[in-house]
Amino acid sequence: MNDPAVARTASARLHQEQERERRRRPDGPRRRATAAVLVRAALIATGLVTVYYVLPLDGRSTTGTSALLACGLLLVLVIFSWEVRAIAHSPYPRLKAVEALAATLVLFLLLFAGTYYLLEHSTPGSFSEPLTKTDSLYFTLTTFTTVGYGDVAPRTQTGRVLTMVQMAGGLLLVGVAARILAGAVQAGLRRRGREPSDDFASRPED
């Protein structure tokens with residue numbers, strides 16, 4: 001004669017084992033998705049930097065440089081908006097957000113690096129020293145990270161205005177854009193009825 005208590009205990013253990021197995025199964029796809037996102041983010045960053053160095057940036061006036069910056073910033077906004085929608089519909093919203101942030105941030109920095117390079121070549125003396133593409137990218141990164149070593153500095157009004165625009169844009173990117181991405185991640189998780197930690201869930205303890 002079967003003991004009901006023993007049967008309930010066995011059923012509970014079986015249910016626990018099934019639940020653990022169910023939670024273990026997505027680990028493989030999650031790891032593959034994480035690796036794929038990291039690879040794509042690295043490829044995107046490498047590709048954008050390569051384009052920056054290969055693209056011929058010369059022969060533009062100050063007006064043309066300003067127009068290029070305006071169009072570039074508009075492109076960044078369009079790409080960012082598209083990425084936010086993609087995050088909300090992605091099976092792994094947090095991973096997609098990492099990829100989106102990598103693409104948006106790199107594009108933003110390279111856009112200003114190219115603008116500084118064009119400004120220096122269209123109006124020599126705009127900065128404290130002539131800028132190569134590497135120098136322009138260096139100045140962009142020191143400005144974005146607020147390190148500001150001081151070895152390269154804008155001298156003309158146009159150069160200083162562009163630098164201030166980058167500073168303001170960097171603050172918006174770090175503050176507002178990051179919150180928007182976080183909101184898109186939460187929306188994507190709620191859309192699938194998942195917990196916020198599902199993308200990086202750890203295996204339950206035995």
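The values are calculated or read from the model by the stated rules, or taken from the named source; none is laboratory data. The shown structure was predicted, so the numbers you read here are calculated from the model rather than taken from an experiment. Virtual Cβ from ideal backbone geometry, glycine too; neighbours counted across all protein chains shown. Quick note on the areas: whole protein, heavy atoms, side chains included, nothing else; ligands and nucleic acids left out. Shrake-Rupley method; radii C 1.70, N 1.55, O 1.52, S 1.80 Å.
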Might you let me know whether segment 111-133 holds any residue that is surrounded by 20 or more Cβ atoms within 10 Å (Cβ to Cβ), out of contact with any Leu (no Cβ under 8 Å at 6 or more places or on another chain), over 30 Å from residue 29 (Cβ atoms) and of a type in the set (A, V, I, L, M)?
yes
When you look at residue 92, is it in contact with a helix residue (DSSP H, G or I) (Cβ under 6 Å, 6 or more places away or on another chain) and over 22 Å from residue 171 (Cα atoms), yes or no?
yes
Which residue out of 166, 157 is out of contact with any Cys (no Cβ under 7 Å at 6 or more places or on another chain) and touching a residue at least 40 places away in the same chain (Cβ under 8 Å)?
166
Residues 150, 114, 169: which one is on the phi > 0 side of the Ramachandran plot and more than 13 Å from the chain's Cα centre (by Cα)?
150
Selection within segment 134-146 - among the aromatic types (Phe, Trp, Tyr), open to solvent by 20 Å² or more (accessible area, probe 1.4 Å) and closer than 24 Å to residue 77 by Cβ
144
Here, helices (runs of 4 or more DSSP H) confined to segment 87-206 with at least 2 residues that are modelled with pLDDT of 90 or more and within 27 Å of residue 50 (Cβ to Cβ) are 93-122, 133-144, 157-172
Among the residues of segment 57-84, write down those that are open to solvent by 80 Å² or more (accessible area, probe 1.4 Å) and either modelled with pLDDT of 85 or more or within 14 Å of the chain's Cα centre (by Cα) (or both).
71, 74, 75, 77, 78, 82
Under the condition of being surrounded by 15 or more Cβ atoms within 10 Å (Cβ to Cβ) and polar (S, T, N, Q), which residue from segment 147-181 is farthest from residue 102 (Cα to Cα)?
156
